[in-house]
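Student: My questions will all concern the structure given below.
Just so you know, all these numbers are worked out from the coordinates, no wet-lab data involved. Owing to the predicted nature of the structure, the values given are computational and were not obtained by experimental measurement. Neighbour counts run over all protein chains shown; Cβ positions are idealised from the backbone, glycine included.
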Amino acid sequence: MRISEVAYKALQEDAKKQNASINTIANQLLLAYAEHDRYLKKPGLLKVISPLYDKLLNAASDEAIVEAGKSLGPGVLPSTIISMTGELSVPGILDWLKRMGTYSNLCDYSEISHGGKISVTMSQSFGPKGSALLASYLDSLFKTAGKQIKITQLRDSVTFEV
C-alpha cells in the first residue's frame, strides 16, 4: 500500500507520541474506518467536536432533546445499522452501539451478561441533557426494531437490559 508523505509523517508523529509502532497506529485508523467511519458517509452523518455538541445540547429545551432522540430511532440510523450488520435486530443494534461507543467519542459502552440477559450501560460526559437524548434515542431505536426496553437514566449514563 502506498501512502502520501504527509500521511506517513503524521503516522510517525502519532506513533512517537503514543509510544507505538506506525503499523499499530495505521491499523487503528484502518479499523476505525472499516468498522465505523465508512458507514457515516452514506446517510450524511457527521463527526462533531464535543464542545460544539455540548453547546447544542445546552441550547435546546428538554422537550426538543427528547423529540430529537425519538426522531433518530426510526430515521436514517436503522438503514445504517442494516448496512453494517445485515439486519435491524437486537444483536445488530448492540453491535452499532458498541461501535458508536468505541469510535464516536460521544459515549462509552459497557455490557454485562447475567441470567440470560445483557445489561448495557452507556456513559457520557454531556450531563442530564446528553442522557435524555441518548435515552430517547435508544427507546425509539429499539421500538423500531420491535423491542421494548426499560431504561434507567442517570445524569451521566443510561442503562438498559435486553
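Student: Local charge sum around ALA64 (other residues, Cβ-Cβ under 11 Å, Lys/Arg +1, Asp/Glu -1)?
Tutor: The answer is -1.
Student: What relative contact order, as a whole-number percentage, does the chain give when Cα pairs under 8 Å and 6 or more residues apart are counted? Before the final figure, lay out each step's value.
Tutor: On the way: 192 pairs, mean separation 33.9, N = 162.
Computed value for the chain: 21 percent relative contact order.
Student: Per DSSP H run of at least 4 residues, take -39500 (n - 2.57); add these up for the chain, divide by its residues and hand me the 222 nm value, nearest 500 deg cm²/dmol.
Tutor: That calculation yields -17000 deg cm²/dmol at 222 nm.
Student: On to the next question. What is the local net charge at LYS117, summed over the other residues whose Cβ is closer than 15 Å to its Cβ (Lys, Arg +1; Asp, Glu -1)? Provide the component values of the computation, followed by the final result.
Tutor: Details: positive: LYS147, LYS150; negative: GLU111, GLU161.
Once all neighbours under 15 Å are counted, the net charge is 0.
Student: Okay, next question. Using the structure shown, select from LYS17/LYS47; LYS17/LYS98; LYS47/LYS143; LYS70/LYS129; LYS55/LYS129; LYS16/LYS47 the pairs with a Cα to Cα distance greater than 18 angstrom. Mind dumping the intermediate values first?
Tutor: Numbers: LYS17/LYS47 23 Å; LYS17/LYS98 27 Å; LYS47/LYS143 26 Å; LYS70/LYS129 14 Å; LYS55/LYS129 11 Å; LYS16/LYS47 26 Å.
LYS17/LYS47; LYS17/LYS98; LYS47/LYS143; LYS16/LYS47, as the Cα separations exceed 18 Å there.
Student: I've got another one for you. Taking P(r) over Cα pairs in 5 Å bins from 0, in percent as the quantity of interest, determine which of (1) 1, 5, 6, 6, 6, 6, 7, 10, 9, 7, 6, 6, 5, 5, 4, 3, 3, 2, 1, 0, 0; (2) 2, 8, 14, 19, 19, 14, 9, 8, 5, 1, 0; (3) 1, 8, 12, 14, 12, 10, 9, 7, 6, 5, 4, 3, 3, 2, 1, 1, 0, 0, 0 was computed from the displayed structure.
Tutor: This structure yields the entry labelled (2).
Student: Still on this model: What does the charge dipole of the chain about its Cα centre add up to, to the nearest 20 debye, if the Cβ of each Lys and Arg holds +1 and the Cβ of each Asp and Glu holds -1?
Tutor: Details: 18 positive and 16 negative charges, 52 e Å.
With only Lys, Arg, Asp and Glu charged at Cβ, the dipole is about 260 debye.
Student: Let me ask you something else. Positive end of the dipole of the chain, charges at C-beta (+1 Lys, Arg; -1 Asp, Glu), about the Cα centre: which of LEU77, SER110, GLN28 has its Cα farthest in that direction?
Tutor: Farthest towards the positive end: GLN28.
Student: Sticking with this one: Treating the beta-carbon of each Lys and Arg as +1 and of each Asp and Glu as -1, no other charges, what is the dipole magnitude of segment 1-88 about its Cα centre, to the nearest 20 debye? It would help to have the intermediate numbers written out before the result.
Tutor: Working: 10 positive and 10 negative charges, 83 e Å.
Dipole of segment 1-88, to the nearest 20 debye: 400 debye.
Student: Projecting each Cα onto the charge dipole of the chain (Lys/Arg +1, Asp/Glu -1 at the beta carbon, about the Cα centre), which of GLY101, SER119, GLN12 comes out farthest on the positive side?
Tutor: Going by the Cα projections, it comes out as GLN12.
Student: Whole Å is fine, so just give me how far the alpha carbon centre of segment 121-156 lies from that of segment 1-36.
Tutor: For segment 121-156 versus segment 1-36, the Cα centre distance is 33 Å.
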